[in-house]
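The values are calculated or read from the model by the stated rules, or taken from the named source; none is laboratory data. Nothing here was measured: the structure is a model prediction, and the numbers come from that model. Don't worry about glycine lacking a Cβ; one is built from the backbone with ideal geometry, like all the others, and counts go over all protein chains shown. These accessible areas exclude ligands, DNA and RNA; they are computed on the full protein's heavy atoms, side chains included. Shrake-Rupley method; radii C 1.70, N 1.55, O 1.52, S 1.80 Å.
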2 protein chains.
Amino acid sequence: MAIKVHGHPLSASTHRVLATLAEKELDYEFILVDLATDQHKSQAFLSLNPFGQVPFFEDGDLKLFESRAITQYLAHTFADKGTPLTAHDPKKMAIISQWTEIEAHCFYPPASKLAYELVIKPINGETKEEESVVSQLEARLAEVLDIYELHLAQSKYLGGDSFTLADLHHSAVINFLMGTKLKALFDARPHVSAWCADILARPAWKKIVAATKY
Amino acid sequence: MAIKVHGHPLSASTHRVLATLAEKELDYEFILVDLATDQHKSQAFLSLNPFGQVPFFEDGDLKLFESRAITQYLAHTFADKGTPLTAHDPKKMAIISQWTEIEAHCFYPPASKLAYELVIKPINGETKEEESVVSQLEARLAEVLDIYELHLAQSKYLGGDSFTLADLHHSAVINFLMGTKLKALFDARPHVSAWCADILARPAWKKIVAATKY
């Protein structure tokens, strides 16, 4: 098997890559990197990714880290296999890129910190942040979701009429937050709520949730 | 003139787009968005980019925000004009994407905050952060530069043998920091230092520095 993913079942970035592989109907080998024992900080893992983060990806002689670079590689290399996750037309591709950048720079920073606080820390038994810090993150996420609500009122998916990487990159963190009190933030916005239900109901995503049960 | 860039001369994200246009030898119209008077938070500007950030970009009927989406659009759409800033081969493109992601997620967060602290705040007369906060950011940046040093010892540019978007995305913030005490962080690492000198000496970059003198 040519494709290998070194990752962890509690890592949203790992889920992002696995969901892309599932949408592309590609087989792969999953190699667990045990974050609990700091395996990602071991010399062996740092020789794969010097930044010490999962996932690490292999496709034959290609070795790659950074989940969003991996999903882009898969979307472009296997463009005609499974779900088309990007576009050929440069202007359509630009709009998809715009929303993948928005995910990375506007949505992910508050949303992933909140997922860490409300989902991962309780699992790991780590000390929580002060309530004021959590409230600030919630307020930032709410502002982002207000903009998404206006956009999704006019566009079925973030990057246009069809599901693309721009949507898929959100699934893991949204899935974490849907099991917390912050579900209310999404439910309060009808277009955001419908979009979340849609992307989380995709068979490829459900496959990943089942495979990475925590 | 088809291409328009709405931006600000003190914005690294604006510089990123202008440098790409210069490398691609493309003409454009520059429209100043006056950040000092909060023009980017005006209803008129929010109707262009609801996230209220510069730059905003137009190429005919294409309207785009998020600087890294704009540079990608330019690199792919004008692939055969000016400097090739990306690659056709999917595996080479993946390595370039990996390093553009590293720039966005590892380099930019500490480096841009330091540039804001040491360059922009003194210009705007804003209150500085506590020294401990600045020291933490410096330590994070130093760690990233240590990894860059090892990589650049083996690769002339971040994404391979030639200058690409992965390098260009760094120029603006590095240029800001080179005028501060943090120049020492770059100078202390010979391969990083040579790479900085190389990317800042590019005629396209010098043109942008001259045009956005602050």
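Looking at segment B:50-72 only, could you name the residues that are more than 10 Å from chain A (Cβ to nearest Cβ) and not charged (D, E, K, R)?
Passing the criteria: B:54, B:55, B:56.
Which condition breaks for residue A:108 when tested against (1) in contact (Cβ under 8 Å) with a residue 60 or more places away in the chain; (2) buried (at least 19 other Cβ atoms within 10 Å of the Cβ); (3) more than 14 Å from every other protein chain (Cβ to nearest Cβ)?
Here residue A:108 meets the rest and fails (3).
Could you list, in sequence order, all residues of segment B:111-120 that are farther than 22 Å from residue A:102 by Cα and free of Cβ contacts under 8 Å to residues at least 24 places away in the same chain?
B:117
Is it true that residue A:113 is more than 11 Å from every other protein chain (Cβ to nearest Cβ), part of a helix (DSSP H, G or I) and surrounded by fewer than 15 Cβ atoms within 10 Å (Cβ to Cβ)?
No, not satisfied.
For segment A:22-89, list the strands (runs of 3 or more DSSP E) that sit wholly inside it and hold at least 3 residues that are over 28 Å from residue A:160 (Cα atoms) and in contact with a helix residue (DSSP H, G or I) (Cβ under 8 Å, 6 or more places away or on another chain); which are they?
Qualifying strands (runs of 3 or more DSSP E): A:56-59.
Scan A:64, A:85, A:46 and give me the residue that is without any contact (Cβ under 8 Å) to a residue 12 or more places away in the chain and buried (at least 17 other Cβ atoms within 10 Å of the Cβ).
Unique residue meeting the criteria: A:64.
Of the residues that sit in segment B:119-160 and are over 20 Å from residue B:184 (Cα atoms), within 14 Å of another protein chain (Cβ to nearest Cβ) and more than 20 Å from the chain's Cα centre (by Cα), which one is surrounded by the fewest Cβ atoms within 10 Å (Cβ to Cβ)?
Among those that are over 20 Å from residue B:184 (Cα atoms), within 14 Å of another protein chain (Cβ to nearest Cβ) and more than 20 Å from the chain's Cα centre (by Cα), it is B:154.
When the residues of segment B:73-82 are narrowed to those that are within 21 Å of the chain's Cα centre (by Cα) and open to solvent by 60 Å² or more (accessible area, probe 1.4 Å), which ends up farthest from the other protein chains (Cβ to nearest Cβ)?
Top of the filtered list is B:81.
Can you tell me which condition residue A:100 does not meet? The list is (1) modelled with pLDDT under 95; (2) buried (at least 20 other Cβ atoms within 10 Å of the Cβ), and all the others hold.
All conditions pass for residue A:100, except number (1).
Hey, among A:186, A:163, which residue is part of a loop (DSSP other than H, G, I, E, B), open to solvent by less than 20 Å² (accessible area, probe 1.4 Å) and not hydroxyl-bearing (Ser, Thr, Tyr)?
Result of the check over A:186, A:163: A:163.
Could you list, ordered by first residue, the pairs with Cβ atoms under 7 Å in which the first is in segment A:121-139 and assigned by TED's automatic domain parsing to the domain that holds residue A:188 and the second is of a type in the set (Ser, Thr, Tyr) and open to solvent by 70 Å² or more (accessible area, probe 1.4 Å), at least 6 apart or interchain?
A:123/A:214
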